[in-house]
Amino acid sequence: MPVAIITGGSKGLGRALGAALARRGWDLVLGARSAEVLGGTAREMRGRYGTRVVAVAGDVTDAAHRGALVAAAGELGGLDVLVSNASALGSEPLVRLEALTLDGLRGALETNVVAALGLVQEALPLLRASAAGAVVAVSSDAATGAYPTWGGYGASKAALDQLSAVLGEEEPGLRVWAVDPGDMGTDLYTAAVPEDTEPRPDPEVVAPAFVRLLELRPASGRYTAAGLLDTDRRQGR
């Protein structure tokens, strides 16, 4: 069975994507900081889908945790897809750049960029050994658009996009995709803009776009969930 690592896999988009893959027979290594929530997610997926789901609690900025994620994938037989979904905002709620602490910016960069690269470096031997190795970096429209208060987070996601683009050039045997999931109703968004109570799509609505990406295996590059789902709609899927 194919194996995926998903960081930030206990809830939100990470959980939704994990469930979508488990439903299709994938084995999973899920990482997140809350051992209790993560353990509950893993148990539910194992019981519902019958696949192997390993929970590895820890912070993705910790090198030992990244090593444990990759080691768990190796014990499952290898690694086919690495999903860098764990994210930090830099400030909760978000603030204008004049009020963003430099420590907050460093925190967003450490989680969203440095740790993501560190995990790729750790996982590359297993990914290269896979017949269908792929890296999925969860991006944001804040990486390409200028939105007040989203500057620090957007800068970190723009940096992640660039790392992904270069990795795609350096690793032609892999697929490397940066994916903008679009608006979602997640805990991360609530923490970012708590005063915004407008309903947003559930992550379960967005997860099929990522599954479609794995099925189509287009060239390395940047994609949007909306674009991938529109392709399905035009083809009558």
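The values are calculated or read from the model by the stated rules, or taken from the named source; none is laboratory data. Everything numeric here is computed off the predicted structure, so don't read it as measured data. Quick reminder, even Gly has a Cβ in these numbers, built from the backbone with ideal geometry, and neighbours come from all protein chains shown.
Remarks
- One residue stands out among those in the range 197-219 that are basic (K, R) and more than 27 Å from P93 (Cβ to Cβ): the one that is surrounded by the most Cβ atoms within 10 Å (Cβ to Cβ), which is R212.
- Every listed requirement among (1) under 14 Å from the mean Cα position of the chain (by Cα); (2) farther than 23 Å from A16 by Cβ is met by A158 save one, (1).
- Matching residues, the range 16-51, being surrounded by 15 or more Cβ atoms within 10 Å (Cβ to Cβ), out of contact with any helix residue (DSSP H, G or I) (no Cβ under 6 Å at 6 or more places or on another chain), charged (D, E, K, R) and not in a helix (DSSP H, G or I): R33
- Listed by first and then second residue, the pairs linking a residue in the range 212-228 that is in a strand (DSSP E or B) to a residue that is modelled with pLDDT of 95 or more and among the β-branched types (V, I, T), with Cβ atoms under 6 Å apart and 6 or more places separating them unless they lie on different chains, are Y223/V179.
- Scanning the range 140-152 for residues that are out of contact with any Gly (no Cβ under 8 Å at 6 or more places or on another chain) and either buried (at least 19 other Cβ atoms within 10 Å of the Cβ) or modelled with pLDDT under 95 (or both) gives T149, W150, G151.
- Looking only at the range 170-187, and only at residues there that are crowded, with 21+ Cβ neighbours inside 10 Å and touching a residue at least 60 places away in the same chain (Cβ under 8 Å), the one that is nearest to E122 (Cα to Cα): P181
- Of the residues making up the range 153-169, not a single one is part of a loop (DSSP other than H, G, I, E, B) and either buried (at least 18 other Cβ atoms within 10 Å of the Cβ) or in contact with a Leu (Cβ under 9 Å, 6 or more places away or on another chain) (or both).
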